Each structure stands twice: as C-alpha cells, then as structure tokens.
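Please treat every number below as a calculation from the coordinates, not as lab data. The shown structure was predicted, so the numbers you read here are calculated from the model rather than taken from an experiment. Cβ sites come from the backbone with ideal geometry, for glycine too, and all protein chains shown count toward neighbours.
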Amino acid sequence: MRKLLHRLGLRRLKVNPFPGNPKKLKEWLVKQADWIKHLNKLHIRAEKNDIDMAFCDAAHFVYGKFCSYLWSDEPVYKATGSGRHRLNVYGAYDPITGRVLTNYGEGNIDAKYIVTFMQWLRNNHYKDHHRKLHLMMDNARYQHCQFVKQHAEKLNIKLEFQPSYSPNLNLIERVWKYIKGLVGKCHYRTKEEFFGAVSSILENMDQDQHQEKLITLLTMKFQTYKESQILGC
C-alpha cells in the first residue's frame, strides 16, 4: 500500500492545526484576503516614508520541559523546571527597517503594559509624532479595550486589528517561533540561565547571525489555506 501511495504522488505528512472554525471557512478566507491586501498597501506607504508600521504581539517563554533522545534499555529521566516560571515578552517587528523591538519581564502583560509599550516606542524609536504609526495586532482583550485605543490616539498611533484566528498573518509570530527554536535546542539548569539565554537573543537580534535568518523568514508573503486541505469543513 505504501508503494502504491508513493506512486500516486502522495507523501506521509503531519496534520497541522487549523486556527479557526471550518464551518465559517469561506467568510474567514475572504477576511484574510482583504487583510493581506490592506497590509500590502500599508507596506507600500511605509516604504515611501508616508507612515511607519510594525507587527506586534506577546510571547511567553516557559522554563520547563526538555526532551532529547538516546539509546537505552529502560526509561531515563532528566531534571527540569516545573513550568511555573515564564518570561513574558511583548514586541514589535518593523518590516521596513528589520528591527525587532521588545520589552520583557516576569510581570503580566495587560492594557497598562501595552500603553507603556506604545509610549516607549514613540519616545525611543518612532519619534516623529506627526507621522502615523500603524501597529498590527490580534484581538486580545487587553489590546482591544478603550483604555488602549484612547492612549493610541493621543500618540498618533493607528491600531490595526487582524482577522480573528489569524496568527499566520502576523510577522512577529515567525520571530517568536525562530527564538523558541533556538532556546529549545539547549538544556538549562536554572530559571536564571534560561531567562538569560532568551534575553541575550532578544538583545542581539540586530546581529548578522540573526538578521541573515530573519531576512528570508520575515517577508510579506503569508500562508493561505485551501478548502480541500482542511479536514472536517
């Protein structure tokens, strides 16, 4: 049977999770297509220096599980963290300059945190308050509340909310995946060692070793879906 399937051009592939409700697939695909067009228009304006733009989101790096493989005649265990410690990171990726701008710590990320982050962006990185700054975000409550929107308006920031269940349309998600791939290859004896490794990567994202990877990873090309590929729709 395996030989027959190979002759038919089929491959053994892992079924990936689909971030949405298959019953509303067509409506969701239209919203995603419209959003991609909107992003491309903003990108053209940003290239002309008419506006600034950045993709924003949070990531949570948990100190815990570490798995590896070895040959053994019985189960082998290695000490690891409890999973209760995590480094919370909020960041923005600028597709024009290639900068990854982050704040991080063990505190919670909430509406006040987002307002402080926007103020930090304006005071340190996007100092021309007359030029509109567009921030691409998901629909998390702490970003979508009136408190955040009111402060964004004062800072001449336009909050752009992507369609629901669309992490594939936020470029900074690729940054988090890249960093988790790096830290996931190592074992850390202590929480401090783990946090130090993550923060070291975050603070050196402008170095060539990272930029060479990010240039090819963070393009304005987005994953799209076909109805025929989604099970249960």
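For the chain, what does the relative contact order come out to in percent, with C-alpha contacts under 8 Å and a separation of six or more? Don't jump to the answer; show the numbers that get you there.
Numbers: 266 pairs, mean separation 53.6, N = 233.
Relative contact order of the chain: 23 percent.
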Two-site label geometry, His6 and Phe147: point separation in nm, points 7 Å out along Cα→Cβ
6.0 nm
Of Leu182, Leu218, how do they rank once you tally other Cβ atoms within 10 Å and put the fewest first?
Leu182, Leu218
Debye sum, Cα scatterers, region 185-224, no solvent: what log₁₀ I/I(0) at q = 0.16, 0.20, 0.21 1/Å?
-0.57, -0.73, -0.76
Modelled FRET efficiency - R0 45 Å, His129 with Cys186, Cβ distances, 0.05 increments
0.60
Please identify which residues in region 130-154 have an amide N closer than 13 Å to a label point set 7 Å out from the Cα of Ile96, following the Cα→Cβ vector.
130-135
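Take every DSSP beta bridge whose two residues both sit in the chain, then give the antiparallel share in percent to the nearest 5.
Numbers: 15 of 24 bridges.
Roughly 60 percent of the beta bridges in the chain run antiparallel, per DSSP.
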With Cβ to Cβ distances under 13 Å as the rule, what net charge do the other residues near Phe194 carry (K, R +1; D, E -1)?
+4
Which of these, Val30, Val175, Val15, has the largest mean-square fluctuation under a Gaussian network model of the chain (Cα springs below 10 Å)?
Val15
How far is it, in nm, from the label point at Glu203 to the one at Thr219 when both lie 7 Å from their Cα along the line to the Cβ?
3.4 nm
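Sort 74-87, 49-62, 148-161 by the packing proxy (mean of other Cβ within 10 Å over each peptide's residues), most packed first.
49-62, 148-161, 74-87
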